[in-house]
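Below is one structure, written out as structure tokens; the observations come after it.
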């Protein structure tokens, strides 16, 4: 019995070492929650800019076309993204120290590459859409390419990230059918889903 227990411990140690070699384990669930909160705050600001004092249903089938307004919305999106990245890095660094691992290694570099390919290409595609006047497609494109990035990077992250990616893609496709409500879908995808995902991750891996 003792020998079997020793074998099981050895197998578990090997499994953990292999997992650490391919998985970025420093990802914090709290960063997902906070990113969702930042996204909802950004969506609330955009809501005030676009709709106040009228309801969004008055503009459901209209498109945002003013260059100055689009620039303002892009600035808000960049600010939300920047704050989310800074928060994610800070919490990942803290978790990495707690786990006794390096935050910047071969696995994290591979993760960055896998994330960047869909995100950069998607960002370029969305800018091309905006430059050519296809404003209604920007929100669903953001969700779809973000979902693709999560799925592409999930091999170096927890399995839950892949399911989040599926949800983002599905939400983006529905948003493409109802483009007049892009802000709502954006808030759900980057806000609500992130908070739910982050809470599950925090309960499962951070406690």
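The values are calculated or read from the model by the stated rules, or taken from the named source; none is laboratory data. Just so it is clear, the model here is predicted, and its values are computed rather than measured. Methodologically, a virtual Cβ is constructed for each residue, glycine included, from the backbone with ideal geometry; neighbour enumeration extends over all protein chains shown.
Things to note:
- Taking the criterion of being in contact with a helix residue (DSSP H, G or I) (Cβ under 7 Å, 6 or more places away or on another chain), in contact (Cβ under 8 Å) with a residue 40 or more places away in the chain and either under 16 Å from residue 151 (Cα atoms) or assigned to a helix (DSSP H, G or I) (or both), the residues of the stretch 99-134 that qualify are 107, 110, 111, 114, 130.
- Residue list for the stretch 166-187, filter: free of Cβ contacts under 8 Å to residues at least 40 places away in the same chain and surrounded by 21 or more Cβ atoms within 10 Å (Cβ to Cβ): 168, 171, 172, 175
- Tabulated pairs, the stretch 69-83, first farther than 19 Å from residue 143 by Cβ, second modelled with pLDDT of 90 or more, C-beta under 7 angstrom, 6+ apart or interchain: 83/38
- Among the candidates 149, 96, 141, residue that is in contact (Cβ under 8 Å) with a residue 40 or more places away in the chain, buried (at least 18 other Cβ atoms within 10 Å of the Cβ) and in a helix (DSSP H, G or I): 96
- Residues of the stretch 39-90 that are assigned to a helix (DSSP H, G or I), modelled with pLDDT under 75 and surrounded by 11 or more Cβ atoms within 10 Å (Cβ to Cβ): 56, 59.
- The lone criterion from (1) at pLDDT 80 or above; (2) touching a helix residue (DSSP H, G or I) at 6+ places or on another chain (Cβ under 7 Å); (3) exposed (fewer than 13 other Cβ atoms within 10 Å of the Cβ) left unmet by residue 36 is number (3).
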